[in-house]
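Chemist: Please read through the structure below; I'll follow up with questions.
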Amino acid sequence: MKPVLNYINGAFHPALSGQTLETVNPATGEVITTVARSNADDVAAATAAANEAATSWGATTMEERIAWLERIADALEAEAETIAQLESLDTGKPIALARKVDAARSVANFRFFATYAKEQPEVTFADHGAVNHVHRSPVGVVGLITPWNLPLYLLSWKVAPALLMGNTIVAKPSELTPLTADFLAKSLDRLDFPPGVFNLVHGYGPEVGQAIVEHPIIRAISFTGGTATGKIVAATAAPMFKKLSLELGGKNATVILDDAPLDDIMDGLVRASFTNSGQVCLCGSRVLVDSKIHDVFITKFVNAVEALQVGDPSLEATQMGTVISKDHQAKVESYIRLGLEEGGTLLTGGTSETAPVTGVSQEGAFLRPTVIGGLDAACQTATEEIFGPVVTVHAFSSEDEAVTMANATEYGLAGSVWTADVERGHAFAKRMETGIVWVNTWLNREKGGRGR
Ligand code: NDP
C-alpha cells in the first residue's frame with residue numbers, strides 16, 4: 001500500500017520533517033504502510049490553509065453545504081466495501097462488523113447531518129415589541145481529534161456537522177488507524193472539494209494533537225478519546241477560551257433485574273459486552289445481576305460468550321477479531337491478572353498465555369472474551385476502564401444495592417437495564433447517574449428503539 005500522507009490545502013504532502021511512522025495490521029503484526037509523522041509545523045501549514053479557506057466556505061449557503069454532504073455520502077457509499085476492508089485491516093475488527101457498523105455509519109453520518117439541516121426551522125421570536133432572529137454563524141477553523149476504535153465512524157461524525165455549519169477543518173486520526181481518514185481525504189480530492197476546507201494531519205497525539213489544541217487560530221476542538229488525554233486537552237484549551245467538546249471513556253453497567261427473560265436477551269447482553277472486542281466506549285463492562293438469578297445467568301452467559309467465533313478478522317464468520325495492538329493487548333491482560341489478584345474467578349477466557357486463540361497468527365493481538373466473577377464491585381478491575389473484551393459480573397440483592405453499584409464509578413457515559421417490565425426498567429434507569437441508559441436494548445440509535 002502507498003504511504004499515507006497529510007492532506008493540506010487540497011494536496012497530499014509528506015510530513016515537513018520527512019519523518020514517518022508505521023501502521024500495523026493487528027491480526028498479523030505486519031506493517032501495512034508508512035504514515036506521515038507530522039509535528040507543529042505541519043499543523044501550522046494545515047491551519048493556515050483552513051484559515052484562508054474559512055471566509056469563502058463560511059459564505060456558501062446552507063443548501064450548497066447540504067449538497068456537498070450528500071455528494072460525500074454518495075461517494076463513500078459507492079466505496080463502502082473498500083472502507084470496510086481498510087477498517088478491518090487497520091483495526092483487526094471482523095469484516096462483517098466493519099461493513100455493518102463502520103462503513104454504513106460513516107455514510108449515514110453525512111446523510112444524517114444533511115437531513116438535520118433541512119429540518120431546522122428559522123427561529124424568530126418577538127420580545128418587548130422587537131423581533132429576535134437567531135443566526136447560526138461558523139466558528140471558523142475547528143480541530144477534530146479521533147481515536148482508533150471506530151476510526152471513520154467517529155471522524156465523519158465530527159467532519160459532517162463541522163462542514164455543514166460552515167467551518168473549516170484540521171483533523172487528526174489516531175496514528176494507529178490512519179487508513180480510512182486518508183481514504184476520506186482521497187474521496188474529497190476526487191470530488192474536487194474546495195482546497196483548504198478539510199485538512200488532515202497524521203502523527204502522534206502529543207506531537208500533532210497537542211499542536212492542534214494549542215494553535216491560537218483554531219477556535220473549537222472536538223475530541224473523542226481517553227479520559228486522561230481529555231484532561232490534557234481541556235487543560236490546554238480552557239484557558240484559551242476555545243469551544244470544547246469532549247467524548248471520553250466509559251465503565252458502563254449492564255443491569256439485569258430478576259424478571260429478565262434471560263434466553264431472549266442473551267444475544268443483546270453478549271453484544272453489549274463484546275462488540276468490537278469490548279472497544280466501544282458504550283460497551284457494558286460491569287454486569288450487575290440480581291442474586292436470585294445469578295447462577296443461572298452465569299451458566300447461560302458463559303455458554304453464549306464461549307460460542308462467539310473469535311479469529312481472523314477477514315473471515316466472514318468471525319464475530320470477534322483482535323484488540324487494537326500488542327501494547328493494548330498487554331494492558332488488557334494486566335487487568336485480567338489484576339482481577340485475579342483482587343480475588344476474582346475466571347469464568348471463561350483469560351490471557352493469551354492461559355487461553356490462547358488457536359488458528360491465528362502468533363503475532364496477532366488476539367484475546368478470548370473474558371468473564372470474571374466474584375469481585376467486589378468497588379475494586380480496581382470493576383471500576384477502571386479496560387477497553388477490551390473483559391467483563392466483570394456482580395450480584396446484587398436489592399434494586400437499591402444495584403443503583404449504588406451502578407453509580408459507584410467516576411464514569412457516567414452509558415448503561416443498560418434488562419427486565420420483562422419496561423416501566424420498571426425506565427424507573428430504574430432514571431436512578432442511574434448516567435448520560436444514556438437503554439432499556440432492553442443496547443447501542444440502539446435508530447428511530448423506534450426502546451432505549452432512552
Ligand atoms: P487517546 O485518548 O489515547 O487518543 C485519542 C486521540 O487523541 C488520538 O488521536 C490521540 O493520538 C490523540 N492525542 C493523544 N494525546 C494527545 C494530546 N496531548 N493532545 C491532543 N490529542 C492527543 O484514546 P484512544 O485512541 O486510546 O481511544 C480509546 C479511548 O477513547 C477510550 O478511553 C474510549 O472510551 C474513548 N472513546 C470515547 C468515545 C465517546 O464517544 N465517549 C467513543 C470512542 C472512544 P495518538 O493515537 O497518536 O495517541
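Chemist: Provide the per residue accessible area, probe 1.4 Å, for the chain, rounded to a whole number of square angstrom.
Modeler: 43
Chemist: Then there is this: Please give the charge dipole size of segment 53-96, origin at the Cα centre, charges +1 on K and R Cβ atoms and -1 on D and E Cβ atoms. Round to the nearest 20 debye.
Modeler: Using only the charged Cβ atoms, the result is roughly 160 debye.
Chemist: Ranked highest first by average number of other Cβ atoms within 10 Å, how do 12-21, 125-134 line up?
Modeler: Details: 12-21: 16.2, 125-134: 7.6.
Result, highest mean first: 12-21, 125-134.
Chemist: Can you tell me the orientation of helix 294-306 relative to the chain, as the angle in degrees between its alpha-carbon axis and the longest Cα principal axis, to the nearest 10?
Modeler: So the helix axis and the longest Cα principal axis differ by about 50 degrees.
Chemist: Here is a follow-up. Measure out, as a whole number of angstrom, how far apart the alpha-carbon centroids of segment 111-127 and segment 344-390 sit.
Modeler: Each part's Cα centre sits 46 Å from the other's.
Chemist: With +1 on the Cβ of every Lys and Arg and -1 on the Cβ of every Asp and Glu, and nothing else charged, how large is the dipole of the chain about its Cα centre, in debye rounded to the nearest 20?
Modeler: Working: 35 positive and 52 negative charges, 162 e Å.
Computed charge dipole of the chain: roughly 780 debye.
Chemist: Carbon and sulfur: what percent of segment 1-123's accessible surface (1.4 Å probe)?
Modeler: C and S fraction of accessible area: 54 percent.
Chemist: Using a 1.4 angstrom probe on the protein heavy atoms only, could you order ASP102, ASP192 from most to least accessible area?
Modeler: Largest accessible area first, the list is ASP192, ASP102.
Chemist: Ranked by accessible surface with a 1.4 Å probe, highest first, in what order do ILE436, ILE293 come?
Modeler: ILE436, ILE293
Chemist: Next up: Could you work out how far the C-alpha centroid of segment 27-77 sits from that of segment 134-190, in angstrom?
Modeler: 6
Chemist: Let me ask something else about it. Using a 1.4 Å probe on the protein heavy atoms, what percent of the accessible area of segment 125-186 belongs to carbon and sulfur?
Modeler: 58
Chemist: So, one more: Give the longest segment of the chain that steers clear of GluC sites (Glu not before Pro) in DSSP loops with at most 15 neighbouring Cβ atoms within 10 Å, not counting the sites themselves.
Modeler: Of all site-free stretches, the longest is 123-315.
Chemist: So, in Å, what gap is there between the alpha-carbon centers of segment 419-448 and segment 393-409?
Modeler: Distance between centres, Cα-based: 16 Å.
Chemist: In the neighborhood of ALA220, defined by Cβ-to-Cβ distances under 15 Å, what is the net charge if each Lys or Arg adds +1 and each Asp or Glu adds -1? Could you put the intermediate results ahead of the total?
Modeler: On the way: positive: ARG136, LYS158, LYS172, ARG219, LYS242, LYS243; negative: GLU214, GLU247.
Taking every other residue near ALA220 into account, the sum is +4.
Chemist: On a 0 to 90° scale, report how tilted helix 227-237 is relative to the longest principal axis of the chain, with both axes built from alpha carbons and the result rounded to the nearest 10.
Modeler: Orientation of helix 227-237: about 30 degrees from the principal axis.
Chemist: Can you give the net charge of the other residues whose Cβ lies under 9 Å from the Cβ of TRP148, counting K and R as +1 and D and E as -1?
Modeler: -2
Chemist: Putting +1 on Lys and Arg Cβ atoms and -1 on Asp and Glu Cβ atoms, find which of HIS128, ALA238, PRO26 reaches farthest to the positive end of the dipole of the chain.
Modeler: Final value for the positive-end residue is HIS128.
Chemist: Something else about it: Could you please state how large a percent of the accessible area of segment 286-425 is carbon and sulfur, counting protein chains only and using a 1.4 Å probe?
Modeler: 48
Chemist: Using only Cα atoms and rounding to the nearest 10 degrees, what angle (0 to 90) does helix 62-78 make with the longest principal axis of the chain?
Modeler: Approximately 50 degrees, to the nearest 10.
Chemist: How much accessible area does TYR411 have with a 1.4 Å probe, in Å² rounded to the nearest 10?
Modeler: 60
Chemist: For the charge dipole of the chain, defined by +1 on Lys and Arg C-beta atoms and -1 on Asp and Glu C-beta atoms about the Cα centroid, which residue among PHE112, THR299, SER352 has the Cα displaced farthest towards the positive pole?
Modeler: PHE112
Chemist: Determine the dipole magnitude for segment 118-198: charges of +1 sit on the beta-carbon of Lys and Arg, -1 on that of Asp and Glu, nothing else is charged, the reference point is the Cα centre, and the result goes in debye to the nearest 20. Don't skip to the answer; put the middle values down first.
Modeler: Values: 6 positive and 7 negative charges, 27 e Å.
Result for segment 118-198 is approximately 120 debye, rounded to the nearest 20.
The values are calculated or read from the model by the stated rules, or taken from the named source; none is laboratory data. Since this is a predicted model, take the numbers as computed values, not measurements. So basically every Cβ, Gly included, is an ideal-geometry build from the backbone, and we count neighbours across all protein chains shown. When the accessible area is computed, the model is the full protein with side chains, heavy atoms only, and any ligands, DNA or RNA have been set aside. Shrake-Rupley method; radii C 1.70, N 1.55, O 1.52, S 1.80 Å.
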